[in-house]
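Shown next, in structure tokens, is the structure this report addresses.
The values are calculated or read from the model by the stated rules, or taken from the named source; none is laboratory data. No experiment lies behind these values; they were computed from the predicted model shown. Methodologically, a virtual Cβ is constructed for each residue, glycine included, from the backbone with ideal geometry; neighbour enumeration extends over all protein chains shown. For the accessible areas, the whole protein counts, side chains as well, though only heavy atoms, and no ligand, DNA or RNA atoms are used. Shrake-Rupley method; radii C 1.70, N 1.55, O 1.52, S 1.80 Å.
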Amino acid sequence: MSGESVCHRPDDPALSEDVIVNPDGSLRNVVVHVVSGLGDRVFAPPAEPAGMDQQGCLFIPHVMPAQVNQFVEFKNSDPAAHNVRSVSTRNRPFNVSMSTKGRSVQRFFAEPEFVKIRCDIHAWMSAWIPVVAHPFFALTSNDGVFRIQGLPAGEYTIEAWHETLGTRSQNVTVTDGGMHEIGFTFAARQN
């Protein structure tokens with residue numbers, strides 16, 4: 001990052017966000033979502049766009065789930081040129097120049113897929129947009145906790161995805177108005 005004056009941060013170095021473990025062992029940036037049990041139900045996307053910014057020569061947030069057909073607004077808050085390139089197989093890829101501070105553009109993803117987002121100008125800049133077909137997903141908070149609300153009664157397979165540590169899943173039975181507490185354990189990555 002020191003090669004670009006706008007990105008150079010001697011007093012606040014940018015650290016990798018691919019694995020962030022809290023002191024208590026909980027994990028940030030885990031996407032938890034329903035992978036089976038909803039049948040053929042179709043869900044309208046949220047009217048409010050999700051937002052991803054290029055700020056401090058990083059994508060913020062680093063992981064941002066969105067629903068199929070929900071607009072995602074990409075912004076450039078830096079006084080540096082960036083671009084937004086999607087790396088996908090099920091969705092049409094795009095590559096948009098974000099040449100000036102204040103520039104924004106909206107795109108959407110028509111198929112469920114975990115989409116990698118990159119800036120080709122600054123090789124260290126990357127993020128993820130896990131795109132799911134329904135509203136039953138969550139991202140672990142800074143304390144490693146997640147909550148999926150409004151899931152109808154039924155039997156489901158719930159998956160937890162992490163960009164580096166992989167996936168874990170478990171089956172859950174949800175009752176009307178009930179709450180069910182679950183947790184996932186990821187093994188440390190091997191170098």
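Observations on the model:
- Qualifying residue in the stretch 63-82 (condition: part of a loop (DSSP other than H, G, I, E, B), within 23 Å of Val145 (Cα to Cα) and at pLDDT 90 or above): yes
- Condition check for Ala138: surrounded by 11 or more Cβ atoms within 10 Å (Cβ to Cβ) and assigned to a strand (DSSP E or B): yes
- The requirement of being over 28 Å from Phe146 (Cβ atoms) and either over 16 Å from the mean Cα position of the chain (by Cα) or buried (at least 16 other Cβ atoms within 10 Å of the Cβ) (or both) is fulfilled somewhere in the stretch 52-60, by at least one residue.
- Any hit, the stretch 156-166, residues being open to solvent by 80 Å² or more (accessible area, probe 1.4 Å) and of a type in the set (D, E, K, R): no
- The lone criterion from (1) open to solvent by less than 70 Å² (accessible area, probe 1.4 Å); (2) within 22 Å of Glu159 (Cα to Cα) left unmet by His82 is number (2).
- In the set (1) closer than 30 Å to Ala153 by Cα; (2) not in a strand (DSSP E or B), the condition left unmet by Pro130 is number (2).
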